[in-house]
Structure formats: structure tokens, C-alpha cells
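Here is the structure we will look at.
Taken together, the values in this text are just the output of simple stated rules run on the coordinates, not laboratory data. No experiment lies behind these values; they were computed from the predicted model shown. Note that each Cβ is placed from the backbone with ideal geometry, even for glycine, and that neighbours are counted across all protein chains shown.
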Amino acid sequence: MIQGIEVVGLYVRDQDEALAFYVDKLGFRVHTDVRNGDYRWLTVQHPDQPSFQLGLSVPGPPVLDADTAQALRAIVAKGGMPPLVLKVDDCRAAHARMQARGVEFTQEPIDRYGTVDAGFRDPSGNGWKMIEARR
Amino acid sequence: MSDLPLPPQDPELLRRLLRAKDRMDAASHEAWPVQRLAAVSDVSEAHFARSFKQAFGTPPHRYLLTRRIERATALLRETELPITEIAFETGWESLGTFGRTFRDITGESPSALRARARAAVQEPGRVPACVLSAAHRPDLTIAVSEKRRREADAINESHDKEIP
């Protein structure tokens with residue numbers, strides 16, 4: 001058994017929208033999608049990284065009260081959550097592929113620090129850096 | 001304007017306002033009149049500036065200026081580009097406006113900042129690292145206990161001398 005981090009949570013404004021984004025536009029896979037009443041536990045993962053999942057959840061009940069949920073939704077929408085980093089083999093190729101699928105890029109690929117990086121956001125406002133792996 | 005607390009903003013609106021902020025971040029050297037920003041956010045021109053300020057705590061115009069100054073500061077520190085070129089590259093149409101705004105925001109002129117940044121980096125750089133570490137070493141060539149004893153002796157000696 002390998003010990004380590006298995007799931008990291010990511011607040012999104014709508015689980016269906018987030019699922020479509022991460023699966024159809026980024027090429028992730030659904031790992032778990034189960035419901036218990038109104039609660040939906042949804043996780044996705046990168047196809048090359050089966051030991052790690054991103055848990056996509058909407059801030060709200062039963063975990064959070066209405067005011068806290070509203071505040072968190074505002075923070076996510078304002079881009080206030082910490083950025084995530086996606087490592088890719090070829091940043092320019094990934095950028096072209098993702099842009100064709102309608103991903104909202106906030107930064108075109110730039111050559112710097114000996115690699116290439118770009119930036120994009122998910123529909124909720126979560127910011128991603130996409131960095132080409134050094135060879 | 002009253003000081004009444006503003007009602008919370010709709011997250012959908014905030015997400016669209018973020019798009020305007022992202023676009024300024026990506027191209028702060030470009031001109032960003034309110035109509036252009038409002039169109040990016042799909043908000044009326046009349047509401048844009050107020051909504052942006054409520055969301056991000058600073059009016060859009062000032063946000064753009066700070067991003068330009070931030071970029072100019074980096075270019076002054078990290079490159080050899082002439083100040084005129086930095087002014088145009090970061091979006092100013094005149095060197096005078098650039099210098100004035102730069103001073104207003106940072107408290108010093110672009111050339112003063114460049115000179116200070118260089119001095120801060122280069123002065124230690126000229127001294128070889130081994131010499132530098134020796135120079136910064138605390139002046140402690142004997143054991144602490146020995147140093148204390150000598151100091152105590154010195155006090156006693158001087159005390160003794162004062163007594164005939």
C-alpha cells in the first residue's frame with residue numbers, strides 16, 4: 001500500500017458544469033460520482049495519475065451555513081482560491097488543444113525560467129498554471 | 001456616496017468581473033477604457049467601475065496602473081532597457097506621465113529605483129563569498145566565559161587603580 005494524499009477538495013459553483021469542464025475539456029476521468037440525498041460526492045482524476053483525485057464540491061449545506069457558503073462562492077468567483085498547477089509534456093500543444101475546446105486562458109504560453117507556462121481558469125474561477133515538464 | 005454596507009454581489013457577476021481583471025493582468029500595456037472592460041464583463045458601462053471596486057477593493061483604472069507600475073519595476077530591476085522604452089512597453093504614452101505616476105505610487109523616480117535596486121544587489125556581489133562570510137562573522141575569538149572573565153578583570157583593575 002502506498003501512503004499519501006488521495007483527494008484534494010476544490011470548490012466549484014456547479015458540479016455538472018465542473019464535471020463537463022474537467023472531463024470533456026481537460027481530459028480528466030470521473031473517479032467517483034455518488035449521491036446521498038442532496039449530497040453528491042464527485043471526484044475526478046488525471047488519466048496518468050490514478051492515485052490522486054480532485055474532489056469537486058459546491059460550498060453549502062449540510063457542511064456550511066448559508067452566509068459562509070455565499071462568502072466562499074464569492075471568493076471562488078473572484079479568483080481568490082490558491083492556484084493549481086498542471087504539468088504537461090508540451091505546453092503549446094496542450095494550449096492549442098484546450099483552447100479549441102473552449103478553455104478560458106488567462107495567459108498565453110510564455111517561454112521563461114527554462115520552460116513554457118500558460119494560465120487558464122475553470123468555469124467557477126479556479127486558476128490553473130500549466131507548466132511544461134523540464135526535459 | 002453613502003457609507004451603508006453594499007449588498008453582497010452575485011457570484012455570477014463576480015466571475016465576469018474577474019474576467020476583466022484577468023484581461024488587464026494579461027495585457028496591462030494595452031488601453032483599457034471602461035467600455036472595453038464592461039464589454040468583457042458583460043456589465044453596463046454605468047455599473048462596471050462601481051461593481052469592480054466593490055469586488056476587488058480598487059477602481060479598475062487604479063488596478064491597471066498598479067499592474068503597469070509592478071511590471072515597470074520588474075523591468076527596471078531585471079533588465080537594461082532604457083527607461084523610455086520601459087515606459088512605452090508598459091503602456092504609457094508619455095514619459096512624463098510614467099515618471100509622475102511611478103513617483104506617486106512608489107515614492108521614488110524610476111531611475112532612483114533602478115539605482116537603488118542595483119546597489120542593493122551589486123555591493124555584496126563584488127565581495128567574494130568567503131570574505132563576506134568572514135566579515136559578517138561575529139567578533140568572538142575567545143570563549144564566551146573567557147571573554148566575560150577578562151571584562152570582569154578589567155573592571156576590577158580599573159577599580160583597583162582608582163584606590164590609592
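Key figures
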quantity: Debye log10 I(q)/I(0) for the range B:1-46, one point scatterer per Cα, at q = 0.22, 0.28, 0.34 Å⁻¹; calculated: -0.80, -1.00, -1.17
quantity: Dipole magnitude of the range A:1-128 about its Cα centre (Cβ charges: Lys, Arg +1; Asp, Glu -1), debye to nearest 20; calculated: 100
quantity: Two-site FRET efficiency, A:D65 against B:L95, from Cβ-Cβ distance with R₀ of 45 Å, rounded to 0.05; calculated: 0.25
quantity: For the range A:1-65, alpha-carbon Rg and Dmax in angstrom; calculated: 12.3, 37
quantity: 3J(HN,Hα) from dihedral phi, the range B:104-115, Karplus parametrisation 6.51/-1.76/1.60, rounded to Hz, x for glycine, proline; calculated: 4, 7, 9, x, 9, 7, x, 5, 5, 5, 4, 4
quantity: Positive-end residue of B:A72, B:T90, B:A55, charge dipole of the range B:17-107 with Cβ unit charges; calculated: B:A55
quantity: Hydrodynamic radius (Kirkwood) for chain A, which is based on Cα pairs only, to one decimal in Å; calculated: 15.9
quantity: Other-chain or far-sequence residues with amide H under 5 Å of A:Q53's (modelled H); calculated: A:V7, A:V8
quantity: 3J(HN,Hα) from dihedral phi, the range A:51-67, Karplus parametrisation 6.51/-1.76/1.60, rounded to Hz, x for glycine, proline; calculated: 8, 10, 10, 9, x, 9, 9, 9, x, x, x, x, 6, 10, 6, 4, 5
